[in-house]
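Peer 1: Have a look at this one.
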Amino acid sequence: MGGMLFPLMSTGAINSILFGIYGNHLRQLRRVCHSDYQREQLEYHNMFLAGSVAGFVQSFIACPMELIKVRLQTHCYYNDYLYGQRRTAFGTFKRIVKNDGISGLYRGLLPMMCRDVLPYGIYMLVYRHASRYMENSDFVRKHRKASNAININLLITTFAGAWAGVLSWVCVIPFDVVKTIMQADENHKFRGIMHCVQVNYRAYGWRSIFRGSWMLLARAIPFNAATFLGYEYSLELCHNY
């Protein structure tokens with residue numbers, strides 16, 4: 001359970017930043033369109049671009065947090081105590097800064113950006129496309145008339161969010177594995193992404209860069225469904241307020 005409290009506290013903040021940047025950038029892109037027709041034609045393009053920008057910015061905020069989380073959870077830190085003192089997120093932060101400087105907090109930033117920048121564009125695009133596809137389906141139209149519209153909206157958001165999470169993660173699993181290996185490497189054995197991949201390929205084969213794939217995908221379904229449910233209903237509450 002080590003390292004669990006810290007990500008629980010930081011995940012909400014990171015997602016707030018991510019969706020805040022996405023929403024604001026998307027509005028700016030819509031404003032530069034000269035007509036409603038142009039806005040409609042460029043809508044998916046703008047969603048992808050806004051999602052990618054949001055992923056880029058949040059990488060710089062999330063990287064130190066993920067580094068601390070990984071250091072708390074990995075095999076190098078199995079013991080609850082280090083040098084007679086109980087391990088904490090703040091203690092890990094101070095130790096990283098003391099040993100590696102501020103730049104040490106951004107170890108694994110490049111694979112993290114590869115994991116987050118374009119995939120977050122795909123993430124937002126797939127969610128919106130899946131939502132609109134389901135909105136226009138005969139099943140939803142039929143049940144929207146026959147039952148509570150709130151339940152149908154809940155169903156659409158849940159499935160679209162889960163689908164977006166799975167598709168955005170499928171193509172970036174190797175980057176996440178490499179990021180985690182590099183961040184867990186306290187002794188700086190790896191010089192960069194390619195060196196990390198080469199070392200692990202020679203030692204364990206090509207499957208080593210896909211370790212934990214099924215767990216990541218299984219996590220993506222409930223996590224992203226819950227993320228978009230929280231996002232949509234928080235947005236609706238704010239608009240109503």
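Peer 1: Would you mind telling me the share, in percent, of accessible area of the chain contributed by carbon and sulfur at probe 1.4 angstrom?
Peer 2: Percent of accessible area from carbon and sulfur atoms in the chain: 63.
Peer 1: Among 194, 217, 164, whose Cα projects farthest towards the positive end of the dipole of the stretch 146-241, with charges put on the beta-carbon of Lys, Arg (+1) and Asp, Glu (-1)?
Peer 2: 194
Peer 1: Can you give the FRET efficiency for residue 198 and residue 88, using 1/(1 + (r/R0)^6), R0 = 25 Å, r = Cβ-Cβ distance, to the nearest 0.05?
Peer 2: Once the sixth-power term is evaluated, E becomes 0.10.
Peer 1: Answer with one residue from 143, 154, 226: the one whose Cα lies farthest towards the positive end of the charge dipole of the chain, charges on Cβ with Lys, Arg +1 and Asp, Glu -1.
Peer 2: It is 226.
Peer 1: Can you figure out the FRET efficiency of residue 189 with residue 15, using R₀ = 25 Å and their beta-carbon distance, to the nearest 0.05?
Peer 2: 0.20
Peer 1: Checking the cross-link filter: which lysines have an alpha carbon closer than 30 Å to that of residue 69, excluding same-chain neighbours under 8 positions apart?
Peer 2: Within reach: 94, 98, 179, 189.
Peer 1: Go through 122-133, 228-239 and give me the packing order, highest mean Cβ count within 10 Å leading.
Peer 2: So the peptides 122-133, 228-239, ranked by packing, come out 122-133, 228-239.
Peer 1: Distance between Cα centroids, the stretch 219-236 to the stretch 96-120: provide it in whole Å.
Peer 2: That distance is 26 Å.
Peer 1: Expressed as a whole number of Å, what is the distance separating the alpha-carbon centroids of the stretch 170-213 and the stretch 14-35?
Peer 2: The stretch 14-35 and the stretch 170-213 have Cα centres spaced 33 Å from each other.
Peer 1: Ranked from highest to lowest mean number of other Cβ atoms within 10 Å per residue, what is the order of the peptides 101-107, 114-120?
Peer 2: 114-120, 101-107
Peer 1: Okay, next question. Please work out the average accessible area per residue across the chain, using the 1.4 Å probe convention, and give it in Å².
Peer 2: Solvent-accessible surface per residue comes out at 60 Å².
Peer 1: Still on this structure: At a 10 angstrom cut-off on C-beta neighbours, averaged per residue, how do the peptides 190-203, 154-167 rank from highest to lowest?
Peer 2: The most tightly packed comes first, giving 154-167, 190-203.
The values are calculated or read from the model by the stated rules, or taken from the named source; none is laboratory data. What you see is a predicted model; the values in this text were computed from it and never measured. Ideal geometry is used to build each Cβ from the backbone, glycine not excepted, and the neighbour counts take in all protein chains shown. Just so you know, the surface numbers come from the protein's heavy atoms only, side chains and all, with ligands and any DNA or RNA stripped out. Shrake-Rupley method; radii C 1.70, N 1.55, O 1.52, S 1.80 Å.
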